[in-house]
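Encoded as structure tokens, the structure appears first; notes follow it.
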Amino acid sequence: MNVLRSQVCSILRRPIYRQIASVTRPFIPPAQLVFHDTLLEPGAKELDDSTVEALEDETDRRELEDDEFDPNDDRDKPHPDSPNFYSCRSSYYDNIVELQTAISRTRGTLQRLHLLPLPEFARKSLKPMPTVWKTPEEMTTDFETTMTISRYRRVTALLNELNEYLRIATTAGYADVADKIGSIISIFESGKKEAFLSRGIRKLVQLDQHGRSYTFGKRKTSSARVWMIPVKASSLQLNYDVNVEEALGLSDKPKRPPVNVTVSTILINNLPIAEYFPQPVDRERIVRPLKLAGVLGKYNVFTIVRGGGTTGQSGAIAHGIAKGIFAHEPETGTVLKRAKLLRRDPRMVERKKTGLAKARKRYTWVKR
């Protein structure tokens with residue numbers, strides 16, 4: 001009896017839906033059944049054909065309703081324009097992809113023109129084209145994302161590579177390729193490019209209507225304003241042909257009148273150079289630029305000097321004279337630069353230290 005009781009109990013414990021599922025009919029997913037919850041209840045009866053057809057009609061009706069457009073359904077929304085839409089920085093990555101595409105196409109064009117790969121000696125001879133990129137703050141607005149240091153370096157690395165291709169195309173003479181590359185680079189160039197590149201470049205000295213130059217020289221704590229004007233050319237026309245008979249007094253020809261040579265003047269604070277600087281070393285320091293350039297006696301020099309001592313004032317005047325010579329005769333710039341006369345001497349007096357007699361002098365040490 002216990003054996004039969006166990007078999008009967010096992011049969012009664014079986015779910016009813018298993019018996020129903022054994023009926024031969026089309027398969028309908030449980031989620032689409034209207035009364036699928038009632039089938040699982042104890043004592044549920046087998047569905048007849050009319051009920052199955054009603055369920056199928058209800059399922060078809062719901063499918064038609066689902067096919068209609070629902071503005072609140074995300075599945076019916078259009079696809080995003082950019083594949084980087086879900087990256088949270090779509091604008092940044094779109095610009096990166098565009099730069100990489102431009103670099104790839106430019107590289108292919110230069111390779112077809114046999115301009116790449118370029119030897120090292122040819123790369124060094126390319127035309128220099130320095131540029132200044134926008135700051136990270138300015139690129140933040142263009143890329144619509146916070147431009148961190150790593151992102152900024154990535155963008156500038158791509159732009160530098162594109163600028164290198166621009167140098168190659170410009171030097172090779174392919175203007176159409178250079179214009180296309182330049183149109184891309186100009187988007188990321190700073191508006192302060194000209195002002196930034198002009199920093200540190202010495203302004204050219206302009207001559208006035210009288211042919212006079214005005215320069216400014218400095219040395220230590222002294223400063224000098226220097227005006228230089230060429231001596232009249234008629235006074236410099238000398239006759240260097242020497243007749244031996246006339247020199248010895250053996251010729252019967254009348255002697256020629258002497259030529260009045262006008263010597264150039266160097267005035268310092270309205271005083272002649274010999275009167276203002278009695279020391280020869282100071283005077284030699286002033287006329288040294290004129291001697292090196294070979295223009296001694298060719299220009300009249302007027303200076304106003306202030307501050308410092310004789311060494312500083314003479315050095316400031318020499319600095320201003322060298323700049324004035326370079327303005328009148330640019331071909332002498334090489335000689336003056338090699339002599340370091342166009343560069344301001346940065347040496348200054350060393351300050352006195354606490355506990356020392358002077359800048360480096362110490363007091364005598366006494367044992368007792």
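The values are calculated or read from the model by the stated rules, or taken from the named source; none is laboratory data. Fair warning: this is a prediction, and the values are worked out from it, not measured in the lab. Every residue, glycine as well, gets a Cβ built from its backbone with ideal geometry; the counts of neighbours run over all protein chains shown.
State yes or no: is GLY173 loosely packed, with under 11 Cβ neighbours inside 10 Å and over 30 Å from GLU329 (Cβ atoms)? Here the answer is yes, as GLY173 does meet what is asked. Count of the range 314-368 residues, restricted to those that are hydrophobic (A, V, I, L, M, F, W, C) and more than 30 Å from ILE266 (Cα to Cα), is 5. A residue that is free of Cβ contacts under 8 Å to residues at least 24 places away in the same chain and among the aromatic types (Phe, Trp, Tyr) occurs somewhere in the range 104-122. Do we have GLY307 as touching a residue at least 60 places away in the same chain (Cβ under 8 Å) and on the phi > 0 side of the Ramachandran plot here? It is true that GLY307 is touching a residue at least 60 places away in the same chain (Cβ under 8 Å) and on the phi > 0 side of the Ramachandran plot. Scanning the range 103-141 for residues that are within 17 Å of the chain's Cα centre (by Cα), surrounded by 11 or more Cβ atoms within 10 Å (Cβ to Cβ) and charged (D, E, K, R) yields LYS134, GLU138. State whether the residues of the range 296-311 include one that is at pLDDT below 95 and hydrophobic (A, V, I, L, M, F, W, C). Scanning the range 296-311 turns up at least one residue that is at pLDDT below 95 and hydrophobic (A, V, I, L, M, F, W, C). From the list LEU290, LEU296, LEU356, the lone residue that is under 41 Å from the mean Cα position of the chain (by Cα) and of a type in the set (A, V, I, L, M) is LEU290.
Sort out for me the helices (runs of 4 or more DSSP H) sitting completely within the range 112-175 that have 3 or more residues that are touching a helix residue (DSSP H, G or I) at 6+ places or on another chain (Cβ under 8 Å) and among the aliphatic types (A, V, I, L, M).
Where helices (runs of 4 or more DSSP H) fall fully within the range 112-175 and carry at least 3 residues being touching a helix residue (DSSP H, G or I) at 6+ places or on another chain (Cβ under 8 Å) and among the aliphatic types (A, V, I, L, M), they are 149-172.
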